[in-house]
Each structure stands twice: as C-alpha cells, then as structure tokens.
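Student: This is the structure, below, for whatever I ask next.
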Number of protein chains: 2
Amino acid sequence: MEPRRAEIIADTLEGMILDGTFADGARLDEVQLAARFKVSRTPIREAFQRLALSGLVEQIPRRGVFVRQPGPVELIEMFEVMAGMEAICARLAARRISDRALAEMRNVNARCQQAVQAGDTDLYYRENESFHHMLYRQSGNGFLEQECLRLHRRLKPFRRLQLRLRGRLGQSMAEHEAVVDALADGDEARAAEAIHAHVAVQGEKFHHLMASLKPAAE
Amino acid sequence: MEPRRAEIIADTLEGMILDGTFADGARLDEVQLAARFKVSRTPIREAFQRLALSGLVEQIPRRGVFVRQPGPVELIEMFEVMAGMEAICARLAARRISDRALAEMRNVNARCQQAVQAGDTDLYYRENESFHHMLYRQSGNGFLEQECLRLHRRLKPFRRLQLRLRGRLGQSMAEHEAVVDALADGDEARAAEAIHAHVAVQGEKFHHLMASLKPAAE
DNA sequence: GATGTCGTTCTTGTATACAAAAACGTTGAC
DNA sequence: GTCAACGTTTTTGTATACAAGAACGACATC
C-alpha cells in the first residue's frame, strides 16, 4: 500500500472539481468521499486543506467545504494576472534567453503548427503548454516560474474550453511566433506586450464564450 | 474552547518560522509541538499542510517537515516578482483610480512622513503597508489584490529587517510620492516603473545587508 | 397560524489507537 | 577494524473513537 494517499486524493478531487463533476457551491461530504475512496476521513480532510489553499474550495469552520468555481469576473481577473505575470517572464527572458532555448521554442512552435494543420487539438494543447512553460523557465527566476506554473495549472480547464473556438488555434500560433521573434531581438517591451495580449485575449474570448452560452442568465 | 485550533497553530508556527525561532532545515517534530501546544498531533499536522502550501516548510513523505528559509537568491527572486506584480497593480490603478483614493493615498504618505520625522519605525511600517495595500486594491482586480497580499505577507519579515537601514525611510517616502504623482497623471508606464524600482530595490538592499552580515560565508 | 425554544441528529474538529516505513544501533562476519 | 545485515525504536500516515457545535424538526406558546 502506497503512502501519501491524501495527496493522490487531493489531485483526484482537484480534477473532479475542475472538470465540473461538482457544481459550484456544492458541499463536499467527508464521509461520503471517504467511502468513495475507500479511506477514512483523515486523508480526505488533508486533501481538503490543499484544495482550500489552492482556492478551489472554501472551508467554512464547523460548516464544511464548498466548491468555489470562479465566476466570469474572477476568470477575467485571473487571466489578466496570468497575462501580467507572463509579461514579466518575457521581459526577463528577453534579456537572458540563450540561442539554444530560442531554437527549442521555435521547435515547439513548429510542432504546434503541425498539430494545427493536423487538427490535433490535444497535441496542440500539449505543445502550447510546453511553450508557456519554457517561457517561465527562461525568465531565469525560479520563484516566478513556480508561481506562473501554479496559476497556469489553475486556468488549465478554462483554456482548454476556449481552445475549441474556430480559428483561434492559427491566430494563437502567430502570436507565439511574435513572442519568440521579440525575444530573439532582445526587445523586452515588445515581448512583454506580445505575450500579454496573447494571454489576456484568452480570458476575453472565454468571457464571450460564457456570455453566448447563457445569454439571459440573471 | 474555540474551534479551528489548527488554524491558530498554523499562524503561530508561521510567525515562529518567520521570526527565526526555527533555523533553516530544522525538523518540526509533531509530538514535540503537540505537547507544546497542548493538543494532539492532528491539528499540528493540519497546520503543517498550510505551511507547506505557503512554502515555509517542505514536507518530505515519510520523513517529516523541515523549515525552508529562502536563501539570498530566492529572496531576490521573490522581491523581483513582488515588484513585477505591484507594477501590474500600478498600471491598472493608473487607469481606474479615483480622486477619492488618490487623496487617501496622499494622506497615508503624509502620516508616513510624520512617522519618519518622529523616528517611529513601527508606525512607518504600518502606514507603508497601508500604502501598498491600497495600491493593490486600486488595481480593481480582486484576484490580483489577493495574490499581492499573499506575497506581501510572505516577504513581511524581510522587509522589516531592511527598513532599519539608514536613510532608507526618507528615500522610500519620496518613491511613494513619485508613484502617487504618476497615478494622478494617469501615466501607466511611469507609475509601473516607479513602484517596480521601489520594491525591487528592497530586495537588493536586503541582499547587500545579508552579504555584509556574513562576508566570508561559503 | 406563526414564532420561538428545546431536543435530536448530523457533521465537523480533535484525540487516540494502530500500521508501516524509515532511522538507528547492535551484532556478527570477513 | 570495517562493513553489512538484522532487529529495535522512532516517526509518519491512516483509521477509529470521542466531543462539541450546527442544522433540523417537533412542540409549546402567543
């Protein structure tokens, strides 16, 4: 029997929350989940703590934990912050990036392009993720990298959703290229602006998507 | 007896780690702390989880938790990120800030100035904190505000240390004024640059301070 | 009939008991 | 004398038992 089952449960629950298994505001029942995972309440509670710190659930003392899906406004805000942070990465990377890393980024973009033409959204998604992760790494700031990864991970399901939009894949690719070009030129401002626009537009697109899905809600 | 003792313990432990009660790399003993806080191991373990997620301790499976003080490099990195995030706040605030809020910020600065002249570092510290918190708020982005508060809180003890440096208080004040002026002008770039320099310099000062304290270490 | 209060039940928070893995020391062989 | 293997001890991870607060409902009172 493996140790640290709480960790596995936390990841599983996180996935379930993010993919919409639990609705917003739903209460996560300790005993129910304990039975479902075939463990005692203890690992479940440990998992809850992690989720609460990630902001996926809210822990109300003596009341329980409730899933807390970000609303449209908060999502926009999160994408705005993501854009800002990636812009910081770009600024730093523009100064420090090596030719080796630049070549690698162009490589990733090329594979991304292939995925677009092949219509393979999953592959596109993976390569797209690689691109951003490389940018974080190339900032040369380990702490910044970790913070970016955290937020990037949190936004994952929403990015995924909006990638289905028509024509967005090709445009997104072009934006990636623009970023790499700016990095190659060592142009901090242009790199920052390019990546900021690239990320922020995702939040806006998502917003539009949401609005179109439930037009008369509230 | 109040509920949620784990939370109180977490905060207490956080304070103890930050003020240097525990050395870097020290192992936090569950049973020992349980005895010390007159509770069982359960709340201690819950507190550990929180600390681990904040990055103050490292949890190694089946080994225990170890305090993880950031080294000079990581500190510089963290201040760099803080600077970047506050710059984002400044950019957003420059567009959205109201005259009402601007007046309030000038007020805070005035009180700060008084504290400098009175040599009251504690008051200075509180007002200084208010200034930054107001900036976060004025970004108009609640998520960004929360993230900034998180990092700001984490850097608290290190800021406090470096505030003792001679002449820094007066200079810091002038920088605050420059930020408010830029905000008043609605000059995004200047506001961002001003606050970035203001924050980043703290990390550097701290670095110098550390270097001067242990000149021949390593 | 509505409302407030009391009691039951359910759920969370904490303590304790148990299991398993890792650290440590001891002992034995080379 | 050194090194390795085994057993003991300590410590973490999990389960279960217990305590206390909150939700819910019934009953009484106005």
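Student: Distances from A:GLU58 to the same position in the other copies: list them in nm, one decimal, shortest first, using label points 7 Å from Cα along Cα→Cβ.
Tutor: Counterpart label points of A:GLU58 in the remaining copies fall at 3.6 nm.
Student: Quick check for me: using +1 on Lys/Arg Cβ and -1 on Asp/Glu Cβ, what's the dipole size of segment B:72-213 about its Cα centre, in debye to the nearest 20? Walk me through the numbers on the way to the answer.
Tutor: Numbers: 19 positive and 20 negative charges, 87 e Å.
That gives segment B:72-213 a dipole magnitude of about 420 debye.
Student: Under the convention of a label 7 Å out along Cα→Cβ, give the distances in nm from A:GLY186 to the same position in every other copy, shortest first.
Tutor: Distances between equivalent label points, in nm: 3.7.
Student: Please give the contour-minus-distance gain from B:GLN69 to B:THR121: 0.36 nm per residue of separation, less the Cα-Cα distance, rounded to one decimal in nm.
Tutor: Numbers: separation 52, 0.36 × 52 = 18.72 nm, distance 2.50 nm.
Contour length minus the Cα-Cα distance gives 16.2 nm.
Student: Another one. Can you list the residues in segment B:131-169 whose accessible area drops by at least 40 Å² when all protein chains are present, compared with the chain alone? Use a 1.4 Å probe, heavy atoms only.
Tutor: In segment B:131-169, residues shielded by partner chains: B:ASN141, B:PHE143, B:ARG150.
Student: At 1.4 Å probe size, with the rest of the protein present, what percent of the exposed accessible area of segment B:72-213 is carbon and sulfur atoms?
Tutor: Numbers: 3190 of 6290 Å².
C and S fraction of accessible area: 51 percent.
Student: List the trypsin sites (Lys or Arg not before Pro) within segment A:10-85 that DSSP assigns to loop and that have no more than 16 neighbouring Cβ atoms inside 10 Å.
Tutor: Passing sites in segment A:10-85 are A:LYS38, A:ARG62, A:ARG63.
Student: Cut-off 10 angstrom, C-alpha nodes, Gaussian network model of chain A. Which of A:LEU144, A:LEU53, A:LEU155 fluctuates the most?
Tutor: Among A:LEU144, A:LEU53, A:LEU155, the largest mean-square fluctuation in the Gaussian network model of chain A belongs to A:LEU53.
Student: List the distances, in nm and shortest first, from the label point of B:ARG160 to the matching label points in every other copy, placing each point 7 Å from Cα along the Cα-to-Cβ direction.
Tutor: When each copy's label point is compared with this one, the spacings are 4.3 nm.
Student: Using only the alpha-carbon atoms, what does chain B span along each of its principal axes? Please give whole angstrom values in decreasing order.
Tutor: 57, 46, 32
Student: Then there's this: Using the basic label-point model (7 angstrom from Cα toward the beta carbon), what is the B:ASP29 to A:ALA23 distance in nanometres?
Tutor: Distance between label points: 5.1 nm.
Student: Per residue and in cubic angstrom, what volume does the convex hull of the Cα atoms of the protein assembly as shown have? Write out the running numbers ahead of the final one.
Tutor: On the way: hull volume 84.5 nm³, N = 436.
Each residue corresponds to 194 Å³ of Cα convex hull volume.
Student: Rounding to the nearest 10 and keeping the result within 0 to 90°, find how far the Cα-based axis of helix B:41-54 lies from the longest principal axis of chain B.
Tutor: For helix B:41-54, the angle is close to 30 degrees.
Student: OK, next. Determine Rg/Rh for segment B:5-67; Rg is computed over alpha-carbon atoms and Rh is the Kirkwood hydrodynamic estimate from the same atoms.
Tutor: On the way: Rg = 10.4 Å, Rh = 11.4 Å.
Over the Cα atoms of segment B:5-67, Rg/Rh equals 0.91.
Student: For n ≥ 4 DSSP H runs only, could you compute -39500 (n - 2.57) per run for the protein assembly as shown, divide by its residues and tell me the 222 nm figure to the nearest 500?
Tutor: Working: 18 runs with 328 residues, N = 436.
Calculated mean residue ellipticity at 222 nm is -25500 deg cm²/dmol.
Student: Taking chain B as the reference, fit the longest principal axis to its C-alpha atoms, fit the long axis of helix B:121-138 to the helix C-alpha atoms, and give the angle between the two in degrees, 0 to 90, nearest 10.
Tutor: It is inclined by approximately 80 degrees.
Student: Give the span of segment A:47-120's Cα atoms along each principal axis, as three whole-Å numbers ordered largest to smallest.
Tutor: 55, 35, 26
Student: Moving on to the next point. Under a crude label model (7 Å from the Cα following the beta-carbon direction), how far is A:HIS207 from B:LYS38 in nanometres?
Tutor: 5.3
Student: Would you mind calculating the gained length between A:SER98 and A:ASP185 on full extension (0.36 nm times residue separation, minus the Cα-Cα distance), in nm to one decimal? Numbers along the way, then the final one.
Tutor: Details: separation 87, 0.36 × 87 = 31.32 nm, distance 1.16 nm.
Once the chain is fully extended between A:SER98 and A:ASP185, it gains 30.2 nm.
Student: Which whole-number value in Å² is the accessible area per residue of chain B, probe 1.4 Å?
Tutor: Working: 10880 Å² over 218 residues.
Accessible area per residue, chain B: 50 Å².
The values are calculated or read from the model by the stated rules, or taken from the named source; none is laboratory data. This one's a predicted model, so the numbers in the text were calculated from it and none came from an experiment. Please note: Cβ atoms are built from the backbone with ideal geometry, for glycine as well, and neighbour counts cover all protein chains shown. Note: accessible area is taken over every heavy atom of the protein model, side chains too, but ligands, DNA and RNA are not part of it. Shrake-Rupley method; radii C 1.70, N 1.55, O 1.52, S 1.80 Å.
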